[in-house]
Amino acid sequence: MFKHKLVKIILYTFVVLLLIGKLLVSPDKTLEELAPKYAAAPSQFMEINGMKVHYRDEGEGTPIVLIHGTGASLHTWNDWTIDLVKNYRVIRLDLPAYGLTGQDPQKRYSSKDYVDLLDAFLEELKVGKFHLGGNSLGGLISWLYASYHPEKVEQLVLLDPSGFPFKNTPMVIKMAKTPIINNFIRYITPRSFIEKNIKEVYFDETLIKTSTIDRYHDLTQFEGNRQAFIDRAYVEIEDYTERLGLIKAPTLILWGENDAWIPVSDAPRFKEAIKNAQMVIMPKTGHVPMEERPGESLAIVLEFLMP
């Protein structure tokens with residue numbers, strides 16, 4: 001009798017958990033669902049290495065290529081682009097594992113993989129020389145690219161770039177590397193979770209727009225992106241900082257003083273390692289200056305880029 005009741009309790013518990021799970025699960029979103037909002041003109045797609053890379057190519061003049069960071073997309077540069085297209089040709093793309101480019105079936109997510117993809121992308125666009133800028137992971141890709149292709153990069157802009165080893169890994173990346181827990185990340189992505197992560201990279205939370213949270217939430221759920229985020233977390237991190245001395249382009253190192261993801265103490269390390277570099281620290285600013293304080297950060301960059 002007791003065993004019969006125990007089996008019933010287990011079955012009922014299982015059914016309840018299954019129902020709760022179905023309510024919490026965030027299904028993947030398709031390109032057809034997301035494209036009207038995030039891939040309208042001037043968005044385009046380019047076939048590279050078996051992937052359809054989402055990108056935007058706008059304006060005329062000297063090309064400036066902008067690379068987003070972990071968890072972001074080309075839309076992180078929206079505010080900058082509005083002004084930059086007045087005088088520059090602005091090129092930005094969604095890196096594999098992010099935005100509407102999505103996962104790479106071959107899981108090519110190392111820093112050097114991204115550098116090679118960026119070079120193939122620019123070759124296809126027939127872009128020879130250009131300014132290059134990147135934030136966080138995009139900053140790492142940018143300076144690493146400049147070290148491998150110094151003849152192509154005219155001026156380099158690094159916003160809170162990664163590269164130097166540091167101990168404090170963001171919680172979301174720790175979760176992605178933790179078995180069982182990462183299954184929750186793969187299937188359950190509440191909007192509140194995305195909002196919490198965005199608050200970590202802003203200093204002033206009042207500057208976070210509802211549309212920004214919506215965008216990050218939507219694109220995180222693009223089919224394959226959550227699994228790709230987990231796959232990227234397991235990629236072995238290599239220290240390429242010895243290559244910083246190979247960079248020839250004049251470089252601006254722009255850092256949010258209150259960056260909670262990558263310490264501002266790394267800024268002078270980059271300045272010392274890059275031969276022709278200047279450094280600006282923005283007060284009351286977090287990890288994403290181009291989103292949190294687009295006007296102020298772009299003004300600094302434009303002054304740097306002026307001939």
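The figures follow:
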{"quantity": "Extension gain, residue 83 back to residue 178 (0.36 nm per residue minus Cα-Cα distance, nm)", "calculated": "30.0 nm"}
{"quantity": "Extension gain (nm, one decimal) between residue 276 and residue 164, 0.36 nm per residue minus Cα-Cα", "calculated": "38.5 nm"}
{"quantity": "Segment 81-137: trypsin sites (Lys or Arg not before Pro) falling in loop per DSSP and having at most 14 other Cβ within 10 Å", "calculated": "86, 126, 129"}
{"quantity": "Alpha-carbon centroid distance for the pair segment 135-155 / segment 176-212, whole angstrom", "calculated": "28"}
{"quantity": "Cβ-based exposure ranking for 81, 251, 189, in which fewest neighbours within 10 Å come first", "calculated": "189, 81, 251"}
{"quantity": "Spin-label pair residue 231/residue 29, simplified geometry with 7 Å Cα→Cβ offset, distance in nm", "calculated": "2.1"}
{"quantity": "Extension gain, residue 129 back to residue 112 (0.36 nm per residue minus Cα-Cα distance, nm)", "calculated": "4.1 nm"}
{"quantity": "Shape of segment 201-283, Cα gyration tensor, a/c cut at 1.5", "calculated": "oblate"}
{"quantity": "Likely footprinting exposure, 62, 241, fewest C-beta neighbours within 10 Å first", "calculated": "62, 241"}
{"quantity": "Using θ = phi - 60° and Karplus 6.51 cos²θ - 1.76 cosθ + 1.60, couplings along segment 61-78 (whole Hz; Gly, Pro as x)", "calculated": "x, 4, x, 10, 9, 10, 10, 7, x, 4, x, 9, 7, 4, 5, 4, 9, 3"}
{"quantity": "Global geometry of segment 41-83, whether rounded, prolate or oblate, following the gyration tensor of its Cα atoms and the 1.5 cut on a/c", "calculated": "oblate"}
{"quantity": "Relative exposure of 147, 265, judged by other C-beta atoms within 10 Å (fewest first)", "calculated": "265, 147"}
{"quantity": "Cα gyration tensor category, rounded, prolate or oblate, for segment 41-165 with a/c compared to 1.5", "calculated": "rounded"}
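Read-outs: derived from the displayed coordinates by stated rules, not from any lab. Since this is a predicted model, take the numbers as computed values, not measurements. Here the Cβ is made from the backbone with ideal geometry for all residues, glycine too, and neighbour counts use every protein chain on show.
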